[in-house]
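Everything below concerns the one structure shown next.
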Amino acid sequence: MSLDAPQLGEAVDASGLRIGIVVSRFNGEITEALLDGALNVLKEHGASDSDMHIVHVPGALEIGTITSRMAQSGQYDAVVCLGCVIRGGTAHFEHVCRGAMDAVSNVAQRGDIGVGNGVLTVDTIEQARDRVGGRHGHKGAEAALTAVEMARLLREVPINS
């Protein structure tokens, strides 16, 4: 990264972009806070309500399914993925985290749509709260800005050289 590179969100322009937002209903206190942060920052950076499409899914594992469908549709420039997985007393946490992250990463690696990953994987509810406007920033807002920045960058980088 060059020394004069902009910081996340500095020069991000969301105006005119069609943005899908996939948000898990599980751990709703956190995921709705992630959604609020994403919507607020997208609007601050020029996105209009009519260009944002929000889809709620049951849990983190389902985020990848809808993200993939949105990418395949060709109707979106960017997708913001929002969820929260909190460690429990079983190995289920590891399976859900890996499945959700792999699915989101697979869509991002396609290279045809900007993807912002705001799926929290934390040990406690307190850690999650710290990441929705607490001492660790706002991961919903960060994921939204990342998705928009990647959508813009993908427009600048040619497919064929």
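Does residue 25 qualify as being in contact with a Gly (Cβ under 9 Å, 6 or more places away or on another chain) and more than 20 Å from residue 156 (Cβ to Cβ)?
The answer is yes for residue 25.
Tell me yes or no: at least one residue of the stretch 41-48 is surrounded by fewer than 22 Cβ atoms within 10 Å (Cβ to Cβ), more than 24 Å from residue 128 (Cβ to Cβ) and either modelled with pLDDT under 95 or more than 16 Å from the chain's Cα centre (by Cα) (or both).
Yes, the stretch 41-48 contains a residue that is surrounded by fewer than 22 Cβ atoms within 10 Å (Cβ to Cβ), more than 24 Å from residue 128 (Cβ to Cβ) and either modelled with pLDDT under 95 or more than 16 Å from the chain's Cα centre (by Cα) (or both).
Any residue in the stretch 10-30 that is loosely packed, with under 13 Cβ neighbours inside 10 Å and at pLDDT 95 or above sitting within a Cβ distance under 8 Å of a residue that is among the hydrophobic types (A, V, I, L, M, F, W, C) and part of a loop (DSSP other than H, G, I, E, B)? List the pairs, counting only those 6 or more apart or interchain.
Final answer for the pair search is 15/47.
For residues in the stretch 87-112 being touching a strand residue (DSSP E or B) at 6+ places or on another chain (Cβ under 6 Å) and among the β-branched types (Val, Ile, Thr), which is surrounded by the most Cβ atoms within 10 Å (Cβ to Cβ)?
Here the residue is 104.
Of everything in the stretch 69-112, what is more than 22 Å from residue 13 (Cβ to Cβ), polar (S, T, N, Q) and either at pLDDT 95 or above or assigned to a helix (DSSP H, G or I) (or both)? Give them in sequence order. Give the derivation first.
The first filter runs over the stretch 69-112 and keeps only residues more than 22 Å from residue 13 (Cβ to Cβ), leaving 69, 72-73, 83-107, 109-110.
Narrowing the set further to residues that are polar (S, T, N, Q) leaves 72-73, 90, 105-106, 109.
The answer is 72, 73, 105, 106, 109.
Before we move on, is residue 128 touching a residue at least 24 places away in the same chain (Cβ under 8 Å), more than 21 Å from residue 14 (Cβ to Cβ) and small (Gly, Ala, Ser)?
yes
Here is a list of conditions, (1) within 19 Å of residue 142 (Cβ to Cβ); (2) surrounded by fewer than 24 Cβ atoms within 10 Å (Cβ to Cβ), and residue 82 meets all of them except one; can you say which number that is?
The one condition residue 82 does not meet is (2).
Does at least one position in the stretch 69-84 carry a residue that is hydroxyl-bearing (Ser, Thr, Tyr) and free of Cβ contacts under 8 Å to residues at least 12 places away in the same chain?
yes
Among what's in the stretch 127-149 and is among the β-branched types (Val, Ile, Thr) and in a helix (DSSP H, G or I), pick the residue that is nearest to residue 45 (Cα to Cα). Break it down stepwise before answering.
Applying the first criterion (among the β-branched types (Val, Ile, Thr)) to the stretch 127-149 yields 132, 146, 148.
Of the ones still in play, those that are also in a helix (DSSP H, G or I) are 146, 148.
Details: 146: 12, 148: 9 Å.
Only one residue fits best here, namely 148.
The values are calculated or read from the model by the stated rules, or taken from the named source; none is laboratory data. Because the structure is predicted, anything quoted here is derived from the model rather than measured. We place every Cβ from the backbone using ideal geometry, glycine too, and count neighbours over all the protein chains shown.
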